[in-house]
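Before any comments, here is the structure.
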Amino acid sequence: MEPDAFLEAAKRQLEKIGVQAELAVGERRTLRVKDKQVVGFELAATGLSTEDSLRLQETGIGGRRHMGCGIFARRHLTK
């Protein structure tokens, strides 16, 4: 999967759960599950309302959430 395709898929999933955010794709990540390799990317969601932030943290996006993928945590960025 390429970063642009990942970003578009993430945007569609956010729209589906009714969350508005600005998204930025980070580093590529891989996860091995038995004989399969799962590819994804870090994803930062900014500009969220409080309600959208909570919805995203509760719901997550993408697959493999039971393995820790597609889960968002609130984080303050420091310089």
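Which residues, counting only those in the stretch 1-40, are of a type in the set (A, V, I, L, M, F, W, C) and surrounded by fewer than 16 Cβ atoms within 10 Å (Cβ to Cβ)? Lay out the reasoning, then the answer.
Narrowing the stretch 1-40 to residues of a type in the set (A, V, I, L, M, F, W, C): 1, 5-7, 9-10, 14, 17, 19, 21, 23-25, 31, 33, 38-39.
Listed by number, the residues that qualify are 1, 5, 7, 9, 17, 23, 24, 31, 33, 38, 39.
Which one of these does residue 44 not meet: (1) surrounded by 13 or more Cβ atoms within 10 Å (Cβ to Cβ); (2) more than 12 Å from the chain's Cα centre (by Cα); (3) aliphatic (A, V, I, L, M)?
(2)
Within the stretch 10-40, which residues are without any contact (Cβ under 8 Å) to a residue 12 or more places away in the chain and under 16 Å from residue 69 (Cβ atoms)? Quick ask: steps written out before the conclusion?
Just the residues of the stretch 10-40 that are without any contact (Cβ under 8 Å) to a residue 12 or more places away in the chain, to begin with: 12, 15-16, 30, 32, 34-37.
Across the stretch 10-40, the qualifying residues are 30, 32, 34, 36, 37.
Read-outs: derived from the displayed coordinates by stated rules, not from any lab. Note that the structure is a prediction, hence the values are computed from the model and not measured. When we count neighbours, we look across all protein chains shown, and the Cβ atoms used for this are built from the backbone with ideal geometry, even at glycine.
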